[in-house]
Amino acid sequence: MKNKAFTIIEVLIAVAVITIGIMGILTTIQQTVAYMALSSSRLVATYLAQECMEIVRNIRDTNWLNSRSWNDGLSSGDWEADYNDLSLSFYGANLLKINGGFYNYDIGNPTRFNRKITISDPGPVACHGSICLSVKVEVSWQQLAKTHQVITEEYLYNWL
């Protein structure tokens, strides 16, 4: 006669297999949520870097409109700027704040993002014989116990 009842060992093995499967699923969900948050932060950092490049271009273009030298206010060094600034400020390693959806250094809730603009003169060889400035923007932040960075760099020319 064949015994169709589960033995205690079979029950324990079945519970262990189910437990391992559920733990694997929960770990995958946890990692997915963490990486989604990191992807969101990386997207914000990319936009912050792009905004900084636009700020520097706006300073150059405003110089042209006001009949000033194209690189007036764009000296070599480390700088920071807000979206509504007409000039660069010395870099102070300050964290950006958010106020009404806008990032700035003055008012709002602190964020994890730090933004630095580095301007340098790369010389005529890098600029293919022209006069240009190297503009590098670094946005960094702490997340998942690591420092993350988005860096963008371009040459700014006096093409007028």
Tell me the per residue accessible area of region 1-109 using a 1.4 Å probe; a whole number in Å² is fine.
71
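Estimate the FRET efficiency between Tyr91 and Thr7 by the formula 1/(1 + (r/R0)^6), using the beta-carbon distance for r and 45 Å for R0, to the nearest 0.05. Could the numbers behind the result be given before it?
Numbers: r = 70 Å, r/R0 = 1.56.
Plugging the Cβ-Cβ distance into 1/(1 + (r/R0)^6) gives 0.05.
Could you please put Val44, Val17, Val56, Val11 in sequence from largest to smallest accessible area, using a 1.4 Å probe?
Working: Val44 40, Val17 95, Val56 0, Val11 65 Å².
These residues rank, largest area first, as Val17, Val11, Val44, Val56.
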Trypsin sites (Lys or Arg not before Pro) within region 43-144, DSSP loop, no more than 15 other Cβ atoms inside 10 Å:
Arg68
Run the numbers on region 96-152 and let me know its relative contact order in percent, using alpha-carbon pairs under 8 Å that are six or more apart.
25
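Normalised by the residues of region 28-160, what does the relative contact order come to in percent, with Cα pairs under 8 Å and at least six apart?
Values: 218 pairs, mean separation 27.6, N = 133.
Answer for region 28-160 is 21 percent.
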HN-Hα couplings for region 136-146 via Karplus (6.51, -1.76, 1.60; θ = phi - 60°), in whole Hz with x for Gly/Pro, come out as 10, 10, 10, 10, 10, 7, 9, 7, 6, 6, 9
Are there cysteines in the chain with no second cysteine's Cβ under 4.7 Å away, and if so, which?
Cys52
Can you tell me the dipole magnitude for region 12-108 around its Cα centre, using point charges on the Cβ only (Lys, Arg +1; Asp, Glu -1), in Debye to the nearest 20?
320
Put +1 on the Cβ of each Lys and Arg and -1 on the Cβ of each Asp and Glu in region 1-125; which of Asn84, Asn109, Ser67 then has its Cα farthest toward the positive end of the dipole?
Asn109
When the helix-only estimate is applied to the chain (DSSP H runs of n ≥ 4, each -39,500 (n - 2.57), divided by the residue count), what is the mean residue ellipticity at 222 nm, nearest 500 deg cm²/dmol?
-13500 deg cm²/dmol
List every residue whose amide H lies under 5 Å from the amide H of Gln143, counting only residues 5 or more places away in sequence or on a different chain, with H placed 1.01 Å from N in the peptide plane.
His148
Cα long-axis angle, helix 8-65 against the chain (0 to 90 degrees, to the nearest 10):
10
Between exposed chymotrypsin sites (Phe, Trp or Tyr not before Pro) in the chain, where DSSP calls loop and at most 13 other Cβ atoms lie within 10 Å, what's the longest gap?
7-82
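For Gln149 and Ser40, compute 0.36 nm times the residue count separating them, minus their Cα-Cα distance, and round to one decimal in nm.
37.9 nm
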Computed E for Arg112/Leu160 - FRET, C-beta separation, R0 45 angstrom, nearest 0.05
0.70
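The values are calculated or read from the model by the stated rules, or taken from the named source; none is laboratory data. Quick caveat: nothing in here was measured; it's all calculated off a predicted structure. Cβ coordinates were reconstructed from backbone atoms using ideal geometry, including for glycine residues, and neighbour counts include every protein chain displayed. To get the accessible areas, we keep the full protein, side chains included, count just its heavy atoms, and leave off ligands, DNA and RNA. Shrake-Rupley method; radii C 1.70, N 1.55, O 1.52, S 1.80 Å.
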